[in-house]
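Each remark here refers to the structure printed beneath this line.
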Amino acid sequence: LSFNANGTLNLQTNFPDNFTTTSAAWLTQGNSGTTPTTNFLGTTDNQALSIRTNNTEAIRITTAGDVGIGTAVPARKLHIAGNPSTNPGSGTGTVTIYNPTLRINGLNATNTGFPVASYPRPIGVDANGDVTFTSVPSIYSVTGTTDISMNSTTFTSTGLSLTFTAKTNNALVLLTMSGRSDPSTGSVQQNVWARVLLNGTSIGGTVAVGADYDDLTGVTTGWNLSFSRPINVTPGSTYTLTVEWRRTGNITRTIFCEPVTLPDAAHRTLTVIEY
């Protein structure tokens with residue numbers, strides 16, 4: 001008796017012809033001439049496949065195709081059970097990854113929702129031990145670089161505009177501005193208003209004292225504005241934010257925002273942080 005290279009059994013006799021089986025066996029030193037569609041390692045009935053070493057199960061493939069390493073009841077397509085090693089050189093853990101060798105198709109560059117090639121994101125592990133991914137916060141920001149002024153009771157444009165394409169469902173809008181009022185006249189009492197528009201619709205704003213006259217100390221002309229608001233966005237959609245301002249008061253004068261003339265005292269910045 002002998003096995004051929006393809007795993008068939010050859011029976012040698014005293015007759016002129018030998019007998020060769022039509023069914024092949026898997027050989028410990030490998031087979032040749034196999035066809036993956038018909039020659040495979042596995043089961044043909046509704047039973048799981050167990051792979052053992054030292055007579056102890058090491059890998060279990062369930063009838064659903066889930067693979068368990070170190071567990072006979074995998075809860076995911078790949079379920080690895082063991083204590084991870086935080087220091088690969090220490091040898092204290094039973095699950096150690098030295099170099100990236102894992103690819104998850106749901107997170108690849110062809111994923112139409114959040115392709116990793118366009119939107120990189122870190123891989124993590126949740127409390128159940130499941131591999132997860134989180135979105136890397138994207139930050140968009142624009143800063144005014146010219147001196148501007150305004151003397152209007154109705155909202156007018158500051159020229160500050162920011163357009164972005166959303167990558168997540170949530171974003172935080174931040175606006176900060178600072179400047180001064182015209183101090184040419186002592187008796188000035190006014191407020192400075194600013195609001196943020198999302199695609200032309202206001203999402204809110206803020207107000208600060210722009211100038212106030214005090215009989216004892218004179219005129220305070222510096223002002224600061226800040227505004228923040230979370231918004232819901234749709235991944236892949238494009239949004240434009242703009243900033244408008246105005247002034248109100250009993251005795252009003254021109255409002256200035258001068259990042260060029262007064263860089264240490266004046267600015268205007270609009271920022272979006274996705275999360």
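Derivation of every value follows stated rules applied to the coordinates shown; laboratory data play no part. Source: prediction; values computed, not measured. Cβ placement follows ideal geometry from the backbone for every residue including glycine, while neighbour counts extend to all protein chains displayed.
Each residue in Tyr140, Tyr275 was given a count of other beta-carbon atoms within 10 angstrom of its own, and listing them fewest first yields Tyr275, Tyr140. Pairs of Cα atoms in the range 141-199 fall into 10 Å distance bins, from 0 up to the last occupied one, in shares of 14, 46, 26, 11, 3, 0 percent. Each of Asp45, Asp147, Asp182 has some number of other Cβ atoms within 10 Å of its Cβ, and from fewest to most they run Asp45, Asp147, Asp182.
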